[in-house]
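The values are calculated or read from the model by the stated rules, or taken from the named source; none is laboratory data. Everything quoted here is computed from the prediction, not taken from an experiment. All Cβ positions, glycine included, derive from the backbone under ideal geometry; neighbour counts span all protein chains shown.
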């Protein structure tokens, strides 16, 4: 009886030990095979760091593919403070190159963060300044490729195109309206470091950025430049406070050119007032068409065959009674005897009104 009980205990202990080993083997298999990728990614994230690589913003092109808004390649300064050994020397050298105070740069160099972007002094660096920083060869000092918006025709089409901020985000005009399409997907340079932040001797991984989509407009750049030139001449000649010009294809409704004054430079929009940069007068401002509408009313009379502009005549006395109301011509004494071609040339209020009144009587 005692021997049988002892054997049962041995078998039970053996069974428990075997079961425990089986559970360990299954768990190891699950970790090494089933969960390997997930756990490897989690471990990798603990000691990997990403340096951002900015994507190019999509271009804005005219109907013929000419660039209205493009990009320029620049560099930006990024620091990894934990990797910087002689912080005083690095701060001193960078401060001299960037033209900022030692105290300000030392704050960046000594920042308690994994990655420190030097902003705004270290943004959009010229090639010469970037080359000076690169020659220093300091650990923990990186220059990242970035792009900034470039407007080759400066103020041309400024209100329509709009402008972007320092991070290439659309703030106005088409830059804002189509920002989601123009904005690309940033890439990165992945490097590896230990728990203290020191860079490990492991190959870096480059993930390339994806550029934003290009946007093609109905604008014809050649016509736009002509319009801009004419508005400039008109401003100078008449000392005008503002000017508006629109060129449209009447068959399709496509806008071929559009401009309003005062204008501004999208690259330096901060130098202008909010009213100047945010008001596209061609679509924002409204006013009575006045004498420009006379062409339409007289055209309606011609279209209905009620007026022959070369043979029919009208005698302008300076005033006329229409439905109980007295209308006056802009010329108090009137223009006298004139053909309807002369009515248009003289911008005669009463002559055009008579043509319109004739059309309305026929329609009604």
>> Among the residues of the stretch 299-308, are any modelled with pLDDT of 85 or more and in a loop (DSSP other than H, G, I, E, B)?
In response: no
> Somewhere in the stretch 327-342, is a residue surrounded by 13 or more Cβ atoms within 10 Å (Cβ to Cβ), over 52 Å from the mean Cα position of the chain (by Cα), modelled with pLDDT under 85 and in a strand (DSSP E or B)?
Replying inline: no
> If you scan the stretch 53-65, which residues turn out to be farther than 15 Å from residue 211 by Cβ and surrounded by fewer than 19 Cβ atoms within 10 Å (Cβ to Cβ)?
Replying inline: 63, 64, 65
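Yes or no, residue by residue, for (1) under 30 Å from residue 340 (Cβ atoms); (2) assigned by TED's automatic domain parsing to the domain that holds residue 351; (3) exposed (fewer than 14 other Cβ atoms within 10 Å of the Cβ); (4) modelled with pLDDT of 85 or more:
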position	(1), (2), (3), (4)
223	no, no, no, yes
229	no, no, yes, yes
238	yes, no, yes, yes
254	no, no, no, yes
262	no, no, no, yes
268	no, no, yes, yes
272	no, no, no, yes
295	yes, yes, yes, no
312	yes, yes, no, no
> When you look at residue 135, is it more than 30 Å from the chain's Cα centre (by Cα) and surrounded by fewer than 19 Cβ atoms within 10 Å (Cβ to Cβ), yes or no?
Replying inline: yes
> Out of the stretch 77-94, which residues are assigned to a helix (DSSP H, G or I) and under 32 Å from the mean Cα position of the chain (by Cα)?
Replying inline: 94
> What pairs can you find where one residue is in the stretch 325-336 and without any contact (Cβ under 8 Å) to a residue 40 or more places away in the chain and in the same structural domain as residue 347 (by TED's automatic domain parsing), the other is surrounded by fewer than 15 Cβ atoms within 10 Å (Cβ to Cβ) and in a loop (DSSP other than H, G, I, E, B), and their Cβ atoms are less than 8 Å apart, with a gap of 6+ or different chains?
Replying inline: 334/317
> Do we find a residue being modelled with pLDDT of 90 or more, surrounded by fewer than 18 Cβ atoms within 10 Å (Cβ to Cβ) and in contact with a strand residue (DSSP E or B) (Cβ under 7 Å, 6 or more places away or on another chain) anywhere in the stretch 188-197?
Replying inline: no
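Results for (1) assigned to a helix (DSSP H, G or I); (2) over 25 Å from residue 149 (Cα atoms); (3) free of Cβ contacts under 8 Å to residues at least 12 places away in the same chain, shown as yes or no for each residue.
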position	(1), (2), (3)
218	no, no, no
223	yes, no, no
226	yes, no, no
237	yes, yes, yes
251	no, yes, yes
257	no, no, no
295	yes, yes, no
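Would you check if residue 150 is more than 19 Å from residue 52 (Cα to Cα), in contact with a strand residue (DSSP E or B) (Cβ under 9 Å, 6 or more places away or on another chain) and either assigned by TED's automatic domain parsing to the domain that holds residue 58 or surrounded by 14 or more Cβ atoms within 10 Å (Cβ to Cβ) (or both)?
So residue 150 passes the test.
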> Could you list, in sequence order, the residues of the stretch 204-216 that are in a loop (DSSP other than H, G, I, E, B) and modelled with pLDDT of 90 or more?
Replying inline: 211, 212, 213, 214
>> Exactly one condition in (1) modelled with pLDDT of 85 or more; (2) over 33 Å from the mean Cα position of the chain (by Cα); (3) assigned to a helix (DSSP H, G or I) is false for residue 32; which is it?
In response: (1)
>> Please count how many residues of the stretch 261-293 are over 36 Å from the mean Cα position of the chain (by Cα) and in contact (Cβ under 8 Å) with a residue 24 or more places away in the chain.
In response: 1
